Each structure stands twice: as C-alpha cells, then as structure tokens.
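The values are calculated or read from the model by the stated rules, or taken from the named source; none is laboratory data. Just so we're clear, the structure is a prediction, and the values are computed from it rather than from any experiment. Note that we place each Cβ from the backbone using ideal geometry, even for glycine, and neighbour counts take in every protein chain shown.
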Amino acid sequence: MKHHRNIFKSPVREKSSVGMSEALGQSEIFLEFQERLSRAAPVSRPVLLIGERGTGKELAASRLHFLSRQWQGPLVALNCAALTPSLIGSELFGYEKGAFSGADARRIGRFEAADGGTLFLDEIGNIPMDVQEKILRTVEYGTFERVGSSERIEAEVRIIAATNADLKKLVAEGRFKADLLDRLSFEVLFLPPLRERGEDILLLAKHFAARMAFELGRADVPGFSPEAADRLQKYSWHGNVRELKNVVERAVYRSDAALITEIDFDPFRSPYSELPVFKENPGESPVPVSDSFLNKPLKEAVRELESLLLAKALSEAKYNQQKAARLLGLTYHQFRGLYRKYNK
C-alpha cells in the first residue's frame, strides 16, 4: 500500500467558505446530527451526505474522516460539479502518458491518491453514467485501471459522497445507477438547514461578527440590536451557514458602531432600480403639515402625515434613502417598509 501525505484539496475546488470553526451549534437538531455522524464515522463503509447548499457538507465529510479508523490516511476531495463530464473519469482514476490529447505524462487519480484514507465526492449527482459504472466496480472489487492502461491498481478507499440533488429521482430518470446508489448509501445523513436550527443562528452570527471585527482590527466585539437579531432569526437562509457568514460580515464591515442595527440580505439590490414617487420641483419643499389633520379620521390623518414626512425627508436627503431614514430616526429596514407602503 502506498503512503501519501494527508490532503483535503483539489486543483478544481475552491477553498471552502465554511471552515472547522463553523462547526458550532447547541440546538437539539444540530446535536442529533453530530451524534449520528460520530456513530457512523468509525464504520468503514460509504456515507452519503445530503443537504442544501451552504449547510457544511464538506465540513461533515472532514469530521467523518478524522473520527474514522482512516484518520491518519489522506483525505482527498473532488468537486464533481467543477469538471466537465469528460474529465471526471481521468481525475478520479488517473491516466497514462498519451492516453488522450494533452496527456503528456502519467498522472495518478483521486482514488490512487486516497489509498488508505477517504475520498470525498462532492456533488456526486453530476458524475456521468460511464464513470458511475467504473466507480461501482472500484467499490466492489477495490481495483481500477488508469485511463489508457489495462494494469489493475489496488486501492483501499472509503467513499463519502455529498449532494443536494434527489438521487432516487435521478435513478428513476435513468441518470444515476441504482446499484451505485445502493453501494454508497450504507448510511445517509441529512444535514439540517440553518432555518431549522433556531438558537444556532445567533450563536453563529456572533461568532462571525467577532471574527470579522478582529480581521478589521476593531477592539469592540459587535453585538446585534433586538430588531437586527429578530430579523436574523426569522430569515429563511436558503444559502444556510455560508449565506449567514456573508450577511453578518457585510453588516460588521459597513457599520462604524459596535451595535449592528442594519442587516442587508440582498447586496444585489440596486439603489437606482426604483424611482421615488415623492418628487418635488427644484427648490420647493413638500407641503407643510397643517391643522387640517385635526378634521380627519385618525388613520387617514396618520397616513397623510407619514406620506408628507417621507416626502420631506426624501427631498432633504436628495432621494438618498439611507440618509432619509436617518432624518426620520428610522432604521433602513423600517424606512423601506414605509417607502413600499406609499410607493405601490
């Protein structure tokens, strides 16, 4: 058996934005998942990780490896979505010199590099059928051939696969081999989405905020206003932990105060995409408030007053909504809600 240095990288894989320090949580659903993972780790059988994007499938694979009997062996990863279908086979099994155009020298594949350790196949639903057949034979017999060679190579490798696709549906559509799915699913672990983890959202948010403040060289550890914390907990988090990390780091970087009050969930929202309806002629001010409000029903008077104050703030801020919000003593989120109310 060959000996390789311990690796968890791939030339076709970007550095993960979810690292070991993000394995934080105290919610019941998170602790239950970690318990199941710890139970599966020592058993030298394939594990299938299923979860939405950003839930930490790569992190879970790393934990499975380092809690396994193969922990001293290599941990090798391949992101199957980052390669064209024609390249996945040669990346997994290697190739001989001259096997195809551009193959100027022999190259070992990921199976060979992972001998004695773990091979993590991310986005396994992207693997073409002919390569799936070769993976199945490798799992069954522990041998394979490099592309362009008939020499059998032995490799003792534990496979951990991950996906956010419905593999049973792909099997029904003829796009994934049922036999391979059976082989890879000795244990199937579903990673909990962040929106189901309750108290973990603020726990992780505070962690990301403190780390970002340290990176920026700030002395104060940022906190979140009650409203900001409430918005974080109620958000749907389709991008899960990765999205939370980006949102919190952006909030810390944009804020000059230690208390975070503004949360921007959509950095792609253009400030120029909506034209204000409260336009005034140059040099003119909005209509001033008068005693006529006293002669109107309360709801109607409040609505008219809000509209006039909003128009006045926009005019004084030259239609900069952030400044207008400050003039009214509102958060940007509160201002946007008021703005949408009168801009239908």
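A few remarks follow.
- Pairs with Cβ under 6 Å, 6+ apart, first in the stretch 126-145 and free of Cβ contacts under 8 Å to residues at least 60 places away in the same chain and part of a helix (DSSP H, G or I), second of a type outside the set (D, E, K, R) and surrounded by 13 or more Cβ atoms within 10 Å (Cβ to Cβ): Asn126/Cys80; Asn126/Ala81; Val131/Ile88; Val131/Gly89; Gln132/Leu180; Leu136/Leu180; Thr138/Phe144
- Verdict on Thr143 being within 19 Å of Ala61 (Cα to Cα) and either at pLDDT 95 or above or not aliphatic (A, V, I, L, M) (or both): no
- Screening the stretch 146-164 for residues that are touching a residue at least 24 places away in the same chain (Cβ under 8 Å) and not in a strand (DSSP E or B) and picking the one that is surrounded by the most Cβ atoms within 10 Å (Cβ to Cβ) gives Val157.
- Here Leu78 meets each of (1) in contact with an Asp or Glu (Cβ under 8 Å, 6 or more places away or on another chain); (2) over 25 Å from Trp237 (Cβ atoms); (3) not in a strand (DSSP E or B) with one exception, condition (3).
- Subset of the stretch 62-93 [small (Gly, Ala, Ser) and under 21 Å from Thr163 (Cβ atoms)]: Ser62, Ser68, Ala77, Ala81, Ala82, Ser86, Gly89
- The stretch 86-111, subset more than 26 Å from Gly56 (Cα to Cα) and surrounded by 19 or more Cβ atoms within 10 Å (Cβ to Cβ), residue modelled with the highest pLDDT: Phe93
- Scanning the stretch 252-280 for residues that are modelled with pLDDT of 85 or more, surrounded by fewer than 15 Cβ atoms within 10 Å (Cβ to Cβ) and in contact with a Phe, Trp or Tyr (Cβ under 9 Å, 6 or more places away or on another chain) yields Leu259, Asp264.
Residues are listed down the side, and each one gets a yes or a no for (1) surrounded by fewer than 18 Cβ atoms within 10 Å (Cβ to Cβ); (2) in the same structural domain as Glu35 (by TED's automatic domain parsing); (3) more than 30 Å from Gly125 (Cβ to Cβ):
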site: Ser185; (1), (2), (3): yes, yes, no
site: Leu204; (1), (2), (3): no, no, no
site: Ala210; (1), (2), (3): yes, no, yes
site: Pro226; (1), (2), (3): yes, no, yes
site: Gln233; (1), (2), (3): yes, no, yes
site: Lys245; (1), (2), (3): no, no, no
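- Out of Ala155, Ala82, one residue alone is in contact with a helix residue (DSSP H, G or I) (Cβ under 7 Å, 6 or more places away or on another chain) and among the small types (Gly, Ala, Ser). It is Ala155.
- Residues that are outside any helix (DSSP H, G or I) and touching a residue at least 24 places away in the same chain (Cβ under 8 Å) were ranked within the stretch 239-262; the one that is nearest to the chain's Cα centre (by Cα) is Gly239.
- Qualifying residue in the stretch 62-76 (condition: within 28 Å of the chain's Cα centre (by Cα), surrounded by 21 or more Cβ atoms within 10 Å (Cβ to Cβ) and among the charged types (D, E, K, R)): no
- In the stretch 11-52, the residue that is modelled with the highest pLDDT out of those that are part of a loop (DSSP other than H, G, I, E, B) and among the β-branched types (Val, Ile, Thr) is Val43.
Conditions (1) farther than 30 Å from Ser44 by Cα; (2) not in a helix (DSSP H, G or I), marked per residue:
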{"position": "Lys169", "(1), (2)": "no, no"}
{"position": "Arg175", "(1), (2)": "no, yes"}
{"position": "Asp179", "(1), (2)": "no, no"}
{"position": "Asp182", "(1), (2)": "no, no"}
{"position": "Leu202", "(1), (2)": "yes, no"}
{"position": "Ala205", "(1), (2)": "yes, no"}
{"position": "Met212", "(1), (2)": "yes, no"}
